[in-house]
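To keep things clear, I will list the structure first and then write my remarks on it.
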Amino acid sequence: MSKQPAAVLGVGQTHYTSKRLDVSMSGLVREAIDKALADARVGWDEIDAVVIGKAPDLFEGAMMPELAMADAIGATGKPLLRVHTAGSVGGSTANVAASLVQAGVHARVLAVAWEKQSESNAMWALSIPVPFSMPVGAGAGGYFAPHVRSYIRKSGAPENIGAIVAAKDRRNGARNPLAHLKQPDITVESVQASQMLWDPIRFAETCPSSDGACAMVIGNEEAADRVEEGRRVAWIQATAMRTEPTTFSGRDHINPRAGRDAAAALWRAAGVDDPFTEIDCAEIYVPFSWFEPMWLENLGFAEEFTGWRMVAEGVTAPDGALPVNMSGGVLSSNPIGASGMIRFAEAALQVMGRAGGHQLDGVRRALGHAYGGGSQYFSMWVVGADRPS
Amino acid sequence: MNQPLTAPLDLFFDYQRSTGPTIGAFVTGLRDGRLLGARIGDGRVLVPPPEYDPATGVPIDDFVEVGPAGTVLSYSWQDEPQPEHPLDTPFAWALVQLDGADTPLLHVLQGDRDELEVGLRVVPRWADERAGRITDLVFVPERRLSSSKPSSDPEHPSSTSQPGSDPERPLSPSTPSSAEAEPVSLINTPIALSIEHSASAQESEYLRGLARGELIGARVGPGSPVYIPPRGASPTDGVPTEEFVQVADTGTVTTFCIVNVPFLGQQITPPYVSAYVLLDGADIAIQHLILECPADEVRMGMRVQAKWRPESEWGHTLRNIEYFRPTGEPDADYETYRHHL
């Protein structure tokens, strides 16, 4: 039996900032949900199930917060599922919500993801001194920096590539009213002048710590057809997820097989032969700037070790052939648990024509992408203006 | 095989909770010595106030002062209080339905076990110094008001700040230190977690090797990758890695980063080089420090050797190796380690 068509009917996001001290965790999440329901033109009673995602519990010190938050997220009396795939969780949450509609189980599913980094310290949570080992861990930056060095060595990329990505994403963020960091005047030179945190990763090439939440209403064909005339939905043309161990002998840390396999499955399911020409724009999970060229290769937009050339030639800039992270990306806003869903939601907004100040013209197909853990979880979707056949 | 090794892992963090308007009103009430509930859509008064109506999802802001007296609906006796409990003497966990409320509040009830019963009337005893926390009060039997004062217990002097520790303390709250004090909007929530961390059986053999100054890996069999520490099974196909193999304490830096950033809980003072070292005879790199050369001279391909701590300091840990240092040999050929990047 084939999948039922499913579409994003509405998107809601809070603004992203370092400390939302005026709201509780429930209040933060609810803000995004209220916006998503309004954007989808549906009420609480039209939601059949709720799927949530957040970063690991240690990040916020709240074990299974979804239990206490059931009223806030409108899950009382409905199925409530939690998805748990580290930093990619927002993307996986959207995919799980989509699958519940595609399987014909529900007509409308609310997907929501969040993080309130101001209540916690992810750097601490990611650097737990596990007994018997050397305490050389230094958060996500400390984990990924050696692999960035490997990419630079393997690809022969010039040193300024990371700075080009960072300057682009931060300038993009300045056009997004919801973005945490807005730096319209940032330059490649100013990025290169910023402090080296985890050599070769500089401060200005690093994502911020943000509070924020993102929600989406995903509906079936009938629900999509009931959206008012002239108001666009984003059809979910394909989803894919793959996983691999964090370490094994001979693992390709900079071009992980799980990501390559997920992308291949995604393009196949979406009927995409050449992603570079057939995808109009992409929201790619880039928490450290060098991951843009790495994921361009992993996703199949560029041949191995050539992703940096696309960056250098401005292909991923707003006026390039494949604009990447028009929203400003993770480099401009990073509520970790929500960051993956924001990628998926921003891809949908581009298709729906509701991206506001960072809207591109004529987007027919967009990619949303997320990864998590030690580059071991990958989730992605293609959304488009055309109903899947 | 010998017993797996274990070691304590104690985690602690002060999480900061933003209360938002509803929880904020409740905890601000506690600080001011008042118990607040809220009326929800169906007319009932819930304590503590829920942030959103369970039936309609509407935000709740119709606050109602309840109590201070209430009735015990049920209770459970805590004969041996645990360190994380609000009192260090035996007490009851009670469901107290405060006057004016339609739902019970789970709280601490201090009293003699013999006098507790369902239907017992109770009142709050407030702490002198209140921070806007649920532990700013305990409940005590109301009948104590009319009975003679119990004699104070010399074993439990009244200087402690616990609200229930002094039976002679007045039952009414002291005046808030500042009636115009700001509402409570942020609560410190310290959370501690103590884990007895266990190494796997094979990792324990590796750790016992470290205590002898040896580096022990394991593989599925001849020709298959040597994992250090041993994994118990190959991560790629699940076949047990049952053959132990000793590897050298010399190796090659595959890749690395220089940590310049300080952070909470950091155990090594930055800047330091965190490197992947592919030990000679191993097929997967371990992470360790590189010292005895300036950080900016560390290179991919650099040959290094372990600098062991004095034998008298050795234990079951990779920290027996203080760091790795350059051997001075020519750098390893890129082709020998590129498939480990």
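The values are calculated or read from the model by the stated rules, or taken from the named source; none is laboratory data. Nothing here was measured: the structure is a model prediction, and the numbers come from that model. Heads up, the Cβs are rebuilt from the backbone with ideal geometry, glycines too, and the neighbour counts pull from every protein chain shown.
When the residues of region B:46-64 are narrowed to those that are surrounded by 20 or more Cβ atoms within 10 Å (Cβ to Cβ) and among the β-branched types (Val, Ile, Thr), which ends up farthest from the other protein chains (Cβ to nearest Cβ)?
Only one residue fits best here, namely B:VAL47.
For region A:1-30, give me each residue that is within 20 Å of the chain's Cα centre (by Cα), among the aliphatic types (A, V, I, L, M) and closer than 30 Å to A:ASP386 by Cβ.
A:ALA6, A:ALA7, A:VAL8, A:LEU9, A:VAL11
Only one residue in B:PRO83, B:PRO54, B:PRO49 is within 30 Å of B:GLN266 (Cα to Cα), of a type outside the set (Asp, Glu) and part of a loop (DSSP other than H, G, I, E, B). Which one?
Values: B:PRO54 fails: within 30 Å of B:GLN266 (Cα to Cα); B:PRO49 fails: within 30 Å of B:GLN266 (Cα to Cα).
Answer to the selection: B:PRO83.
In region B:49-58, how many residues are modelled with pLDDT of 95 or more and either in contact with a Phe, Trp or Tyr (Cβ under 9 Å, 6 or more places away or on another chain) or of a type in the set (A, V, I, L, M, F, W, C) (or both)?
Within region B:49-58, residues that are modelled with pLDDT of 95 or more and either in contact with a Phe, Trp or Tyr (Cβ under 9 Å, 6 or more places away or on another chain) or of a type in the set (A, V, I, L, M, F, W, C) (or both) number 1.
So, of the residues in region B:252-269 that are of a type in the set (S, T, N, Q) and assigned to a loop (DSSP other than H, G, I, E, B), which turns out to be farthest from A:THR247 (Cα to Cα)? Before the answer, list the steps.
Residues of region B:252-269 of a type in the set (S, T, N, Q): B:252, B:254-255, B:260, B:266-267, B:269.
Restricting the remaining residues to those that are assigned to a loop (DSSP other than H, G, I, E, B) gives B:260, B:266-267, B:269.
Values: B:ASN260: 25, B:GLN266: 23, B:GLN267: 24, B:THR269: 27 Å.
Looking at the filtered set, the residue picked out is B:THR269.
Among the residues of region B:8-40, how many are more than 11 Å from chain A (Cβ to nearest Cβ) and part of a strand (DSSP E or B)?
Qualifying residue count, region B:8-40: 5.
Quick check on my filter: what residues within region A:182-205 are closer than 28 Å to A:LEU349 by Cβ and crowded, with 22+ Cβ neighbours inside 10 Å?
A:VAL191, A:ALA204, A:GLU205
I'd like to check something: does region A:119-135 contain any residue that is in contact with a strand residue (DSSP E or B) (Cβ under 6 Å, 6 or more places away or on another chain), surrounded by 23 or more Cβ atoms within 10 Å (Cβ to Cβ) and among the aliphatic types (A, V, I, L, M)?
no
For region B:14-51, name all the residues that are under 18 Å from A:MET69 (Cβ atoms) and over 28 Å from the mean Cα position of the chain (by Cα).
Those that are under 18 Å from A:MET69 (Cβ atoms) and over 28 Å from the mean Cα position of the chain (by Cα): B:ALA38, B:ILE40, B:LEU46.
Do you know which of the residues in region B:83-139 that are of a type in the set (Lys, Arg) and more than 27 Å from the chain's Cα centre (by Cα) is nearest to B:GLY24 (Cα to Cα)?
B:ARG125
Looking only at region B:259-277, decide whether some residue is in contact (Cβ under 8 Å) with a residue 24 or more places away in the chain, under 29 Å from the mean Cα position of the chain (by Cα) and facing chain A (nearest Cβ under 7 Å).
The answer is no; no qualifying residue exists.
So for region A:165-175 (the condition being away from chain B (no Cβ under 14 Å) and among the polar types (S, T, N, Q)), does at least one residue qualify? Break it down stepwise before answering.
First, pick out the residues of region A:165-175 that are away from chain B (no Cβ under 14 Å): A:165-175.
Going one step further and asking which of them are among the polar types (S, T, N, Q), we end up with A:172.
Checking region A:165-175: at least one residue is away from chain B (no Cβ under 14 Å) and among the polar types (S, T, N, Q).
Confirm whether B:LEU279 is within 29 Å of A:ILE128 (Cβ to Cβ), in contact with a Ser or Thr (Cβ under 8 Å, 6 or more places away or on another chain) and modelled with pLDDT of 95 or more. Give the steps one after another, and end with the answer.
Details: within 29 Å of A:ILE128 (Cβ to Cβ): yes; in contact with a Ser or Thr (Cβ under 8 Å, 6 or more places away or on another chain): yes; modelled with pLDDT of 95 or more: yes.
Against the criterion (within 29 Å of A:ILE128 (Cβ to Cβ), in contact with a Ser or Thr (Cβ under 8 Å, 6 or more places away or on another chain) and modelled with pLDDT of 95 or more), B:LEU279 qualifies.
Tell me, please, whether a residue that is more than 28 Å from A:GLN13 (Cα to Cα) and out of contact with any strand residue (DSSP E or B) (no Cβ under 7 Å at 6 or more places or on another chain) can be found in region A:281-297. I'd like the intermediate steps shown before the answer.
Within region A:281-297, the first condition is being more than 28 Å from A:GLN13 (Cα to Cα), and the residues that meet it are A:297.
From what is left, the residues that are out of contact with any strand residue (DSSP E or B) (no Cβ under 7 Å at 6 or more places or on another chain) are A:297.
Yes; the residues of region A:281-297 include at least one that is more than 28 Å from A:GLN13 (Cα to Cα) and out of contact with any strand residue (DSSP E or B) (no Cβ under 7 Å at 6 or more places or on another chain).
For region A:246-257, indicate whether the set of residues that are within 14 Å of chain B (Cβ to nearest Cβ), within 30 Å of B:THR241 (Cβ to Cβ), among the aliphatic types (A, V, I, L, M) and crowded, with 20+ Cβ neighbours inside 10 Å is non-empty. Give the steps one after another, and end with the answer.
Of region A:246-257, the ones within 14 Å of chain B (Cβ to nearest Cβ) are A:246-257.
Imposing the further condition that a residue be within 30 Å of B:THR241 (Cβ to Cβ) reduces the set to A:246-257.
Pick out the ones that are also among the aliphatic types (A, V, I, L, M) and you get A:254.
Filter once more, so that each one left must be crowded, with 20+ Cβ neighbours inside 10 Å: A:254.
Looking for residues that are within 14 Å of chain B (Cβ to nearest Cβ), within 30 Å of B:THR241 (Cβ to Cβ), among the aliphatic types (A, V, I, L, M) and crowded, with 20+ Cβ neighbours inside 10 Å, one finds at least one in region A:246-257, hence yes.
Here is a check on your reading of the model: is A:VAL130 within 14 Å of chain B (Cβ to nearest Cβ) and closer than 29 Å to A:THR316 by Cα?
Working: within 14 Å of chain B (Cβ to nearest Cβ): yes; closer than 29 Å to A:THR316 by Cα: no.
Considered against the rule, which asks whether it is within 14 Å of chain B (Cβ to nearest Cβ) and closer than 29 Å to A:THR316 by Cα, A:VAL130 comes out as no.
Take region B:282-325 and flag every residue that is among the acidic types (Asp, Glu) and either crowded, with 17+ Cβ neighbours inside 10 Å or within 12 Å of chain A (Cβ to nearest Cβ) (or both).
B:ASP283, B:ASP296, B:GLU322
Could you tell me whether any residue of region A:1-17 is charged (D, E, K, R) and buried (at least 24 other Cβ atoms within 10 Å of the Cβ)? Outline the logic, then answer.
Within region A:1-17, the subset charged (D, E, K, R) is A:3.
Imposing the further condition that a residue be buried (at least 24 other Cβ atoms within 10 Å of the Cβ) reduces the set to none.
No: zero hits.
Is it the case, given these coordinates, that A:ALA145 is surrounded by fewer than 23 Cβ atoms within 10 Å (Cβ to Cβ), over 22 Å from B:SER198 (Cβ atoms) and either at pLDDT 85 or above or within 8 Å of another protein chain (Cβ to nearest Cβ) (or both)?
On the way: surrounded by fewer than 23 Cβ atoms within 10 Å (Cβ to Cβ): no; over 22 Å from B:SER198 (Cβ atoms): yes; either at pLDDT 85 or above or within 8 Å of another protein chain (Cβ to nearest Cβ) (or both): yes.
Taking the combined requirement at face value, the residue does not satisfy it.
From B:GLY328, B:GLY251, which residue is more than 19 Å from A:SER127 (Cα to Cα), more than 12 Å from chain A (Cβ to nearest Cβ), touching a residue at least 40 places away in the same chain (Cβ under 8 Å) and not β-branched (Val, Ile, Thr)?
Every option except B:GLY251 fails the conditions.
Look at region A:31-78 and say how many of its residues are more than 23 Å from the chain's Cα centre (by Cα), of a type in the set (Asp, Glu) and modelled with pLDDT under 95.
Qualifying residue count for the region: 2.
Name the single residue, out of those in region B:278-328 being in contact with a Lys or Arg (Cβ under 9 Å, 6 or more places away or on another chain), assigned to a loop (DSSP other than H, G, I, E, B) and of a type in the set (Asp, Glu), that is farthest from B:TYR227 (Cα to Cα).
Among them, the one singled out is B:GLU292.
Identify all residues within region A:347-389 that are closer than 23 Å to A:ASN334 by Cβ, out of contact with any helix residue (DSSP H, G or I) (no Cβ under 9 Å at 6 or more places or on another chain) and surrounded by fewer than 24 Cβ atoms within 10 Å (Cβ to Cβ); write none if there are none.
Residue satisfying the conditions is A:GLY357 alone.
Within region A:148-164, take every residue that is among the small types (Gly, Ala, Ser) and buried (at least 18 other Cβ atoms within 10 Å of the Cβ) and give me the one that is nearest to the other protein chains (Cβ to nearest Cβ).
The residue in question is A:SER150.
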